[in-house]
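Structure first, then comments.
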Amino acid sequence: MPIMSSFYDISIYMYNNGKEHAPPHFHAMYGDDECIFSILRCRKMKGRMPKNKAKMIEVWAEIHQDELLANWELAMKQQTLMKINPLQ
């Protein structure tokens, strides 16, 4: 699972196995919590995450939505994903 970004102990990643298994999305981990976030809506789809961390991820996703969509396309082609700047 390639990590695209990390900030405030949150890791953001996306599988690049070439299988479209849901709408465009990415995964986020914080400690033992893991969530899936929609790229198109920049919102949590499912999983557990402290509310303040989920909000930071949603803000980050809004800022980097174009890059996330570009990475989704790369992932569907099983290509190397681009790194994305962290939330600052």
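Ranked by the mean number of other Cβ atoms within 10 Å of their residues, highest first, the peptides 41-48, 5-12 come out as 5-12, 41-48. Taking P(r) over Cα pairs in 10 Å bins from 0, in percent as calculated from this structure, the corresponding entry among (1) 16, 47, 30, 8, 0; (2) 15, 41, 34, 9, 0; (3) 19, 57, 23, 1 is (3). Annotation note: chymotrypsin sites (Phe, Trp or Tyr not before Pro) in the stretch 11-88 located in DSSP loop regions with a Cβ neighbour count of at most 15 within 10 Å are Tyr15. What angle, in degrees between 0 and 90 and rounded to the nearest 10, separates the Cα long axis of helix 65-76 from the longest principal axis of the Cα atoms of the chain? The helix 65-76 is inclined about 50 degrees to the chain. With the whole protein complex present, Asp32 retains an accessible surface near 150 Å², based on a 1.4 Å probe.
Please get the size of the charge dipole for the stretch 6-79, origin at its Cα centre, with Cβ charges of +1 on Lys and Arg and -1 on Asp and Glu, quoted in debye to the nearest 20.
Roughly 280 debye, rounded to the nearest 20.
Amide H contacts under 5 Å for Arg43: Ser38, restricted to partners 5 or more places along the chain or on a different chain, H placed in the peptide plane at 1.01 Å from N.
Ignoring any ligand, DNA or RNA, what whole percent of the accessible area of the chain comes from carbon and sulfur when the probe is 1.4 angstrom?
49
Phi angles across the stretch 82-88 convert, under the Karplus curve 6.51 cos²θ - 1.76 cosθ + 1.60 with θ = phi - 60°, into 3J(HN,Hα) values of 7, 6, 10, 4, x, 6, 10 Hz, Gly and Pro given as x. Couplings for the stretch 26-39, taken from phi via the Karplus curve 6.51 cos²θ - 1.76 cosθ + 1.60 with θ = phi - 60°, read 9, 10, 9, 10, 9, x, 8, 8, 9, 9, 10, 10, 6, 6 Hz in order; Gly and Pro are left as x.
Can you flag which of Lys19/Lys83; Lys51/Lys83; Lys51/Lys77; Lys55/Lys77 are past 23 Å Cα-Cα?
Violating the 23 Å Cα-Cα cut-off are Lys51/Lys83; Lys51/Lys77; Lys55/Lys77.
With contacts taken as Cα pairs under 8 Å and at least 6 residues apart, the chain reaches a relative contact order of 31 percent.
With axes computed from alpha carbons, what is the tilt in degrees of helix 51-63 against the longest principal axis of the chain, rounded to the nearest 10 within 0 to 90? It is inclined by approximately 40 degrees. Entry comment: accessible area of the stretch 1-67 is 57 Å² per residue, from protein heavy atoms only and a probe of 1.4 Å.
The values are calculated or read from the model by the stated rules, or taken from the named source; none is laboratory data. As the structure is a computational prediction, the values presented were derived from the model and not from experiment. For neighbour counting, all protein chains shown are included, and Cβ atoms are generated from backbone atoms with ideal geometry for every residue, glycine included. Side chains included, ligands, DNA and RNA excluded: accessible areas come from the protein's heavy atoms. Shrake-Rupley method; radii C 1.70, N 1.55, O 1.52, S 1.80 Å.
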